[in-house]
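Below: one structure, written as structure tokens.
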Amino acid sequence: MKVARLIPCPQADLLNIILRLLLNLSFDRDIRAQIIRIGLLPKLVDLIDDENQRLICLCLLYHLSMDDRTKGYFTYTKCNQQLMKMIIDCKEERLEPEV
């Protein structure tokens, strides 16, 4: 998958388009497995910190977490810590549904 080398990307618009493409492709189980296999999971988790890419990353990470075979890979990332930090730091009465 050639788009993997474009993540992260300094151009926010291009990065957003790439993430949206990956989200659309992630409806396919084989593509989800390939995203994990090529090592995009830690890069996607790091993008949670980017306010502009957070929503699309959370949706994409949700899709990746649906497969029982790939759930274990999340333990090797800082995804859980980042989600807990988002929940604790949230000043709104309600959280975004993606969280």
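So how many residues does segment 51-86 have that are closer than 26 Å to D13 by Cα, assigned to a loop (DSSP other than H, G, I, E, B) and without any contact (Cβ under 8 Å) to a residue 24 or more places away in the chain?
Residues flagged as closer than 26 Å to D13 by Cα, assigned to a loop (DSSP other than H, G, I, E, B) and without any contact (Cβ under 8 Å) to a residue 24 or more places away in the chain within segment 51-86 amount to 1.
Against the condition surrounded by fewer than 12 Cβ atoms within 10 Å (Cβ to Cβ) and in contact with a Leu (Cβ under 8 Å, 6 or more places away or on another chain), how does I31 come out, does it pass? First the steps, then the outcome.
Details: surrounded by fewer than 12 Cβ atoms within 10 Å (Cβ to Cβ): no; in contact with a Leu (Cβ under 8 Å, 6 or more places away or on another chain): yes.
So I31 does not fit the description; no.
Please indicate, with yes or no, whether at least one residue in segment 15-36 is touching a Lys or Arg at 6+ places or on another chain (Cβ under 9 Å), in a helix (DSSP H, G or I), of a type outside the set (A, V, I, L, M) and under 14 Å from A4 (Cβ atoms).
No, the conditions are met nowhere in segment 15-36.
Taking only segment 37-50 into account, find how many residues are part of a loop (DSSP other than H, G, I, E, B) and basic (K, R). Before you say what the answer is, go through the steps one by one.
Keep residues of segment 37-50 that are part of a loop (DSSP other than H, G, I, E, B), which gives 38-39, 50.
Okay, now just the ones that are also basic (K, R), so none.
Adding up the residues that qualify gives 0.
Based on what the data block shows, is A33 out of contact with any His (no Cβ under 8 Å at 6 or more places or on another chain) and touching a residue at least 40 places away in the same chain (Cβ under 8 Å)? Before you say what the answer is, go through the steps one by one.
Details: out of contact with any His (no Cβ under 8 Å at 6 or more places or on another chain): yes; touching a residue at least 40 places away in the same chain (Cβ under 8 Å): no.
No: the conditions fail for A33.
Across segment 87-99, which residue is modelled with the lowest pLDDT among those that are in a helix (DSSP H, G or I) and of a type in the set (A, V, I, L, M, F, W, C)? Please lay out each step first, then the result.
Initial filter on segment 87-99 (in a helix (DSSP H, G or I)): 87-89.
Checking which are of a type in the set (A, V, I, L, M, F, W, C) leaves us with 87-88.
On the way: I87: 75, I88: 79.
Here the answer is I87.
The values are calculated or read from the model by the stated rules, or taken from the named source; none is laboratory data. Computed from a predicted structure; not experimentally measured. All Cβ positions, glycine included, derive from the backbone under ideal geometry; neighbour counts span all protein chains shown.
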